1. Given the conditions (1) more than 14 Å from every other protein chain (Cβ to nearest Cβ); (2) small (Gly, Ala, Ser); (3) surrounded by fewer than 22 Cβ atoms within 10 Å (Cβ to Cβ), which single one is not true for residue A:309?
2. Check off (1) assigned to a strand (DSSP E or B); (2) away from chain B (no Cβ under 14 Å) for residue A:191 and give me the number that stays unchecked.
3. Which is under 20 Å from residue A:302 (Cα atoms) and not hydrophobic (A, V, I, L, M, F, W, C), of A:422, A:491?
4. Hand me the list of helices (runs of 4 or more DSSP H) wholly inside segment B:234-322 holding 3 or more residues that are more than 23 Å from residue A:377 (Cβ to Cβ) and over 24 Å from the mean Cα position of the chain (by Cα).
5. Which members of segment B:168-226 meet the condition of being part of a loop (DSSP other than H, G, I, E, B) and small (Gly, Ala, Ser)?
6. Across segment A:353-368, which residue is farthest from the chain's Cα centre (by Cα) among those that are closer than 14 Å to residue A:418 by Cβ and within 7 Å of another protein chain (Cβ to nearest Cβ)?
7. Only one of these is modelled with pLDDT of 95 or more, of a type outside the set (Gly, Ala, Ser) and in contact with a Gly (Cβ under 6 Å, 6 or more places away or on another chain): B:179, B:185, B:151. Name it.
Amino acid sequence: MAPVLELKNITKRFPGVLANDQIDLTLEQGEIHALLGENGAGKTTLMNILFGLYNADAGEILIKGNHLVTGSSKDAISAGVGMVHQHFMLVPVFTVTENVMLGDEITKYGEILDRTAAADRVREISQRYNLEIDPDAYVKDLPVGVQQRVEIIKLLYRKADILIFDEPTAVLTPQEADELVNIMRSLVNQGKSIIFITHKLREVLAVADRITVIRQGKVVGTTTPAQADQNTLASMMVGREVDLQVKKEAVEKGEVILEVEDLIVLDDRHQAAVNSVSFEVRAGEILGVAGVQGNGQTELVEALTGLRSPLDGKIELLGKDVSQATPREITEIGSAHIPEDRQRDGLVLTYSIADNLILNTYYLDPFAKGPILQQEEIYKTAEELVEKFDIRTPSIITQAGSLSGGNQQKVIVAREFSRSTKLLIASQPTRGLDVGSVEYIHHQLIEKRGSGSAVLLVSTELDEVMELSDRIAVMYRGKIVDVVDAEQTTKEMVGLLMAGISPNGAGKQLEASKKTKKNKTNNK
Amino acid sequence: MNETKEKAPQKNAAQIFFEEMRGGSVAIPILAIISGFILGGLIVAITSDEMYIAFQEGSTVLGLKIGFNEAVEAFKALFIGAFGNPSEIWAAFRGGDDIAIQAAIKPFLETLVQSTPFIFVGLSVALGFRTGLFNIGAEGQLVIGSVTAVWAGYAITGLPALIHIPLALLIGALGGALWGFIPGWLKAKTGGHEVINTIMLNFVAANLTFWLLKYPMLAPNRTDPISPDILDSAKLFRFFADEEMRFHIGFFIALALGALVYWFLFKTKWGFELRTVGSNPDAARYAGINPARSIIIAMSLSGALAGLAGANEVLGLNHNLAPAAATGYGFDGIAIALLGKSQPLGVVLSALLFGTLRNGGNTLKRPPTSVPIDLILIMQAFILVFVAAPAIVRTIYRLREPEEVEEGVFVRGWGGS
C-alpha cells in the first residue's frame, strides 16, 4: 500500500536561506511520525508548503499515491490533511458545535443552520475517538486541553485522515499532555495518521513511531524511539554533542535576598493576577516558579522588577522595601532581569548591539560623563562582552534585530550578567531558543547561583524548572499552590500542583484567599 | 517554546508606515525628489496652451518638443529664481562691483532666508518623531513663539543688542516650549493623543494671538490687529545695509541648532533616552527610563524649536507681528522631517530644498514662464507621496528591500498609549 503522505525532494529557497533542502518525508497509514527540529530548522516551512501557503521551488507531494496540486490550503484540506495549530483558532463565545461547523455549516430549509445535526455529528465523533466533550458548552468556559480537543474534532468533522499537530503540548499541563498522547494513540488506532511537530525530546520518545530530525533545512536522519535516546536526538538536532544534564554543585545558601509577602498584583483587566503570594529567595539558590502560561507569572515578575505597581503586599530586596520602587531603583539596588519577551522588553531591535548592551547603564560612568555618552568606552565594553559571552555577530554595530534569537538572548544575558547584582530574575530565559543556546543559558544560570546570587527562574518549561531549581514554587491562578524541594519531588507531583491540585496545602490556600478578599475590599 | 513567539510584536498600520518610511537610506528621498521634478515638468507641459496649439497646428513631434521646452524653461526659471543667474554672478564677481555682486547673489541669499524657518520647524517635528511623537502642533507653537518673541522685542527696553536678541529668542523658544509642554503633559499623564491635542492647540494659538494683537498688544494708532515694531536692539543682525537684502543671522542660528539637535539626540544620554522611548517604549521602561518624562521633555523641546521659527521670523524679517504671518510653516515642518528621515542633516537639506522651491516659485509665476505657484506645491506633494510610499519608488527604480531598518522615527498610532 502506498504511504498516506509522501513529501519528495521538497526544496524551498528564501532570499539568503535554503529553508528546505531536498526534504523527503513519508507518513505511513496509522503511524505517529515526529518531525523534530530546532526553531528555524524548516519544520514550519515544510508544513506551509504542504498547506499551499508557500510554493516549493522543487519537489512533489503525494497523498495516498495521488499527486497533490498545491496552491491553496483548500486543496490540502479536501485531500484529507488537517492541522491543529499551536494557537487555537476558535471563537470563544461560540459553542463547541458552532466552532466545529464554522466554515462547513450544515443547513436545512435552504440557509437555516442545522445545529442539531451538527451537534449529533460532534457527539458521534467524540464518542468514536474517545474525545470527551459537551457539544453545547461555550469554548470560553473550557480548559485549554479541552479546547485543543475541539480543534481536533474540527479536523475529524472535515474528514481529515492526516492530522498535523504543531507543538501541541506548549500550552498544556503535564497531565493534559499525557491525555493528548492517549488521544493521539486512539486516533491512529482508528486509522488516522499523525505528523507531530515538536522540539521536546521526551515527548517524541514517548509517543512517536518514527522520528525524522531536520536541521538547517535538511533531513539529518530518521530513527525510532527504540534506537534513540534523548542525547542522540539532541545531537542530531544540533549537529554536535550536547550535554543535556546540568551539573549543579551544592552551594551554601546565604542570606535572604528577595522576600515577597502577601503580594497582590492586578493585570490589565484589573483582575488579581497575583493573589496573595509569599516567598523568599536566598543567596546561592535558584527558586523556580513553575506553572502553565498565564497563571500570574508575568504579572509577578513585572511587580518584582518595578514595571507594574502591586496593589498590596511587600517586596523586600536586600532589606529595602521596593514594592513601589521604579525599575531603575530596583536595578540600582542590585537586581538583574532577563525579561519574558526579549524583543518587546529586552532589546531595542533597531539599536546596535553596543547600544543594547548599555540599555540600562547608559547614564552611568564610564558610559556617560556628565550628559555626554562616551562612544569609545561603550564600544570597548561591547567588544569585551561580545567576546566573553560568545555573541555571534558580524560586528558590535550590527542591529540587534538582525541577530538570531539565541544571540539576541545572549546580548541580554551579557548585559544583565556583567553588572554586579545580588538577584537575577530570569523569565522564560530559553523560550524559543535552540538547544545549544538553551545549554548555554542554563550553564550561565547555574554559574550565577554558584557566585552567590539569588536566582528567581520563571519558566513554563517544567523540565527546565525541575533541572535547575533548588526549590520550586508552583503557580496556579495567581496563587502559589505549594513550594517544594526540587530533589524530593517528582514531575507528576509538580504537574498536579500546576493543575491546581494541592494534596497537602488545600487548607492553607483557602485561608490565604479569604485574607486576599479582605485586602482587596480594603483597598478599593 | 513555540516559534510564533519569535515573531516581532504585532505592529499597527502607523508603525508599519513609519518603519517603511525610515528604511532605505538616502536613496529613496533623492529618487523621490527626482520623480517629483519629472512629474512637475510633465504638469508644466500638459498645462501649457502652446503645446496643444502645436499639436493641433503642427505635428505630434512638434507638440512634444514644445511641451519639453516649456518644462525646461520652467525649471530654468525656477533655478534662476532660487540661485540667481550664473552668468550674471560670474560677471559681477569679475567686475568686482559690490552693488552688482549683491544684486547677483540676492536670489541665493533670499533662498537661505526662506529656508531658515523650514529648518527650525523641520528639526522640531523630527525631534518629536525620534521620540515617537507626531507633533502636528508646530504651527501653533510657532505662532506662540512669534507672539512672545515680538513682545520681548518691543516691551523689554534699555538692553544692548547683545543681550536683547538672545533674550527675545529665548522668550520665543519658551513660548513655543510651553505650547509643546501642554500636549506632552496631557499625553504623559492622561494618555491624550498628541495629534488631537496639538491640532486643537493650533486653533487656540491662532485665536489667542488674534485677540492679543487686537487688544493688549495692539500697536498705538492702529486699528487692524498688529503689534508694535520691535526695538532695533532686538532685530536679528542683517549682513547688508540694503533693505531689500533680507539675509540675516537667523540662518546660521538655524544651522547651529541643527548641529545641536544632532549632538543632543545622538551624543548625550538625554537623547539616548528619547530615542529609546521612540524606538521601543517597553524596552525603555525596562531600562529604567521614564517614558512620561521623556514625552514631556521631547514635546517641550519640539515646541521650543518651533517657537524659534516664529521668533526668527518676527525678529529677523517682519519686525512686528500681524495675524496673517502664520504661513503654514508648521505643516511644512512635518513634510521636511519626513523627507529628511528625521536626521538633523537630512532636515537641513530638505529645508533648503523647500526654501529653494518657495523662492524659485516666485520667479516662476512671473512672465515669461507664468507658471502658477501651485506647481511648487504639487511638486512638493509628489515628492512626499514618493517618500511616504517607498514601495512605489522601489518599484520604479528597481531598488532592493533594505536589510537593516534605520533606527528612529517610530510613532504609535491612534489608540496607542
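1. Of (1) more than 14 Å from every other protein chain (Cβ to nearest Cβ); (2) small (Gly, Ala, Ser); (3) surrounded by fewer than 22 Cβ atoms within 10 Å (Cβ to Cβ), only one is false for residue A:309: (1).
2. Condition (1) is where residue A:191 drops out.
3. A:422
4. Where helices (runs of 4 or more DSSP H) fall fully within segment B:234-322 and carry at least 3 residues being more than 23 Å from residue A:377 (Cβ to Cβ) and over 24 Å from the mean Cα position of the chain (by Cα), they are B:281-286, B:291-313.
5. B:191, B:192, B:219
6. A:362
7. Checking each option against the conditions leaves just B:179.
Each row is one residue, and each column tells you yes or no for (1) touching a residue at least 40 places away in the same chain (Cβ under 8 Å); (2) among the aromatic types (Phe, Trp, Tyr); (3) not in a helix (DSSP H, G or I).
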site	(1), (2), (3)
B:64	no, no, no
B:67	no, no, no
B:70	no, no, no
B:90	no, yes, no
B:93	no, yes, no
B:101	no, no, no
B:110	yes, no, no
B:113	yes, no, no
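The values are calculated or read from the model by the stated rules, or taken from the named source; none is laboratory data. The model shown is predicted, which means the values in this text are computed figures rather than measured ones. Methodologically, a virtual Cβ is constructed for each residue, glycine included, from the backbone with ideal geometry; neighbour enumeration extends over all protein chains shown.
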